[in-house]
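What follows is one structure encoded as structure tokens, with my remarks underneath.
The values are calculated or read from the model by the stated rules, or taken from the named source; none is laboratory data. From a predicted model like this one, the values you see are computed outputs, not experimental measurements. Please note: Cβ atoms are built from the backbone with ideal geometry, for glycine as well, and neighbour counts cover all protein chains shown. Calculation scope for accessible area: heavy atoms of the full protein, side chains included, ligands and nucleic acids excluded. Shrake-Rupley method; radii C 1.70, N 1.55, O 1.52, S 1.80 Å.
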Amino acid sequence: MTTIRAWAAAGPKEPFKPFEYELGALGPDEIDIDVDYCGLCHSDLSMWANEWGRTAYPFVGGHEVVGRVREVGANVAGLTVGQKVGLGWLSKSNLNSQQSLSGDHNLSPGNEATIIGRHGGFADIVRCQWVWAIPLPEDVDFKKAGPLFCGGVTVFNPLVQFSVKPTDKVGVIGIGGLGHLGLQFLNKWGCEVTAFTSSPDKEKEAREFGAHKTLNSRDPGAWKQAKGRFDFLLATVAVTLDWTRLMRTLAPRGRLHFVGAVGEPVPVHIPAIMGGQNQISASPVGSPAVTAQMLDFCSRHDIAPMTEQFKMSDINAAMEHLDAGKARYRIVLENDFD
Ligand SMILES: NC(=O)c1ccc[n+]([C@@H]2O[C@H](COP(=O)([O-])OP(=O)(O)OC[C@H]3O[C@@H](n4cnc5c(N)ncnc54)[C@H](OP(=O)(O)O)[C@@H]3O)[C@@H](O)[C@H]2O)c1
């Protein structure tokens, strides 16, 4: 039996308080990770507030973990005790599903999420199936790497899935935890990159992350100059924008792609996307293989999240900071259990 020390909320938006639980025996295909750092994703906020109706309390969030392998199950090969690994949104897949056998573990039916129906990385130890513990390259900054395992791979994955080309003109909508990484990836991918932001104070940093242009995401009037421009629009926001008018900025064959969990239906006027043969799509986090590819891309191109560090014991202040839209651009909690 392993006793886990964690930070848990007793109900929607209740403060996080110290909480202990027992993990039980380690399964043959599982590993335990000693948590060093854990990023804060907007999905942690949504889960904390039970916005998606899927939260069980006490709720221990945290799904952007980096740490060191503490113990490996009897069938685990390829991971060693002490090795640095990261764990993101998913913690277990059916390895016999058609999707897993094809390398698309992230699309496998019945996937287990790190913070749904179980406890996550706001803790000193977290458990997962070995396949979702992704080894961290030595030259990726350990302190900042956590956000790559959810936010990072979520915006990298569509570039791979939809074969985004270096000649493409791409817009990233919302420059938060996901969006600021999207700008960095797309710039190094070779694309012409436009940042859509509702925060004028982010425009300068958006250009430093790799945007060639910026546009106001809440001013459809400002989008007229971009009519018919974009081959790919990557929406990272959780809010409703004027999607119908935004779609007019798509080039023929252009795609509006959602990774942000927009809570309301997106209206689509079919005749408006018919003529240009446009597409609308969405995707979850990437597979273990795409996550490893992303880490390699980060180390080759010196890409890293811009982070603000908080002690894990300051989790309530950190959540409040994120909730207020003040994070620049990803908060990382440092495990400070004794
Ligand atoms: N598909 C997946 O598997 C996956 C994985 C991770 C996260 N997510 C989801 O992705 C979304 C973004 O996550 P995140 O961690 O990047 O969140 P975040 O750091 O809070 O960033 C969201 C950004 O949205 C923009 N925004 C917020 N309120 C707005 C408003 N009223 N009008 C216009 N823009 C607004 C802001 O950017 P500006 O200041 O630039 O406007 C903000 O920085 C969330 O819904 C999260 O649940 C999905």
By residue number, the members of region 172-208 that are open to solvent by 20 Å² or more (accessible area, probe 1.4 Å), hydrophobic (A, V, I, L, M, F, W, C) and under 23 Å from residue 239 (Cα atoms) are 178
Consider only pairs whose beta carbons are under 8 Å apart and that are at least six residues apart or on different chains; among these, list those whose first residue lies in region 151-179 and is among the basic types (Lys, Arg) and whose second residue is within 14 Å of the ligand (Cβ to nearest atom).
169/194
Just a yes or no: is a residue in region 206-214 closer than 23 Å to residue 272 by Cα and polar (S, T, N, Q)?
no
Would you check if there is a residue in region 124-143 being away from the ligand (no atom under 15 Å from the Cβ), open to solvent by 10 Å² or more (accessible area, probe 1.4 Å) and of a type in the set (Phe, Trp, Tyr)?
yes
Exactly one of 67, 73 is more than 16 Å from the chain's Cα centre (by Cα) and surrounded by fewer than 18 Cβ atoms within 10 Å (Cβ to Cβ), and that one is 73
Scan region 76-85 residue by residue and report those that are assigned to a loop (DSSP other than H, G, I, E, B) and either under 30 Å from residue 14 (Cα atoms) or open to solvent by less than 40 Å² (accessible area, probe 1.4 Å) (or both).
76, 79
So if I check each of 238, 251, which one is among the hydrophobic types (A, V, I, L, M, F, W, C) and open to solvent by less than 40 Å² (accessible area, probe 1.4 Å)?
251
Please give the number of the condition residue 43 fails out of (1) small (Gly, Ala, Ser); (2) open to solvent by less than 10 Å² (accessible area, probe 1.4 Å); (3) within 16 Å of the ligand (Cβ to nearest atom).
(2)
